[in-house]
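S.K.: First the structure, which I've put down as structure tokens, then a few questions once you've had a look.
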Amino acid sequence: MHIEIFNASNDEWYWHKNNKGKITCDSEAFPTKAHAVRAAKADVVQTIKLYDGTVQDQLVFTLERDPVKLLRYILRWSN
């Protein structure tokens, strides 16, 4: 699973969760990429905290540009 962060045609940033090619969660619009990244990270932490209350301190996030769609970024996490 990963989160895709992208810029829409109206200059607003969005993110959605992509699980095995299916979009499972969408976000509201954000004014900047930094706002969208922060909100996506917070969503991951809150979701994982339900299952393991200590793992959020060990999460490592990586943000990389999608090589196919240039205005899209991929946020991945591991512990």
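S.K.: Where does the chain land at 222 nm, in deg cm²/dmol rounded to the nearest 500, when only DSSP H runs of n ≥ 4 count, each adding -39500 (n - 2.57), divided by all residues? Mind showing how you got there, number by number?
M.R.: Details: 1 runs with 17 residues, N = 79.
Calculated at 222 nm, the ellipticity per residue is -7000 deg cm²/dmol.
S.K.: With every atom except the alpha carbons ignored, what do you get for Rg and Dmax of the chain, in angstroms?
M.R.: In order Rg, Dmax, the Cα atoms of the chain give 12.5, 39 Å.
S.K.: What trypsin sites (Lys or Arg not before Pro) does the chain have in DSSP loop regions with at most 14 other beta carbons within 10 Å?
M.R.: Numbers: sites: Lys17, Lys20, Lys22, Lys33, Arg38, Lys41, Lys49, Arg65, Lys69, Arg72, Arg76; in loops: Lys20, Lys69.
Here the trypsin sites (Lys or Arg not before Pro) that fit, given the DSSP loop and packing criteria, are Lys20, Lys69.
None of the figures in this text is laboratory data; all of them are computed from the coordinates on show. Quick caveat: nothing in here was measured; it's all calculated off a predicted structure. Heads up, the Cβs are rebuilt from the backbone with ideal geometry, glycines too, and the neighbour counts pull from every protein chain shown.
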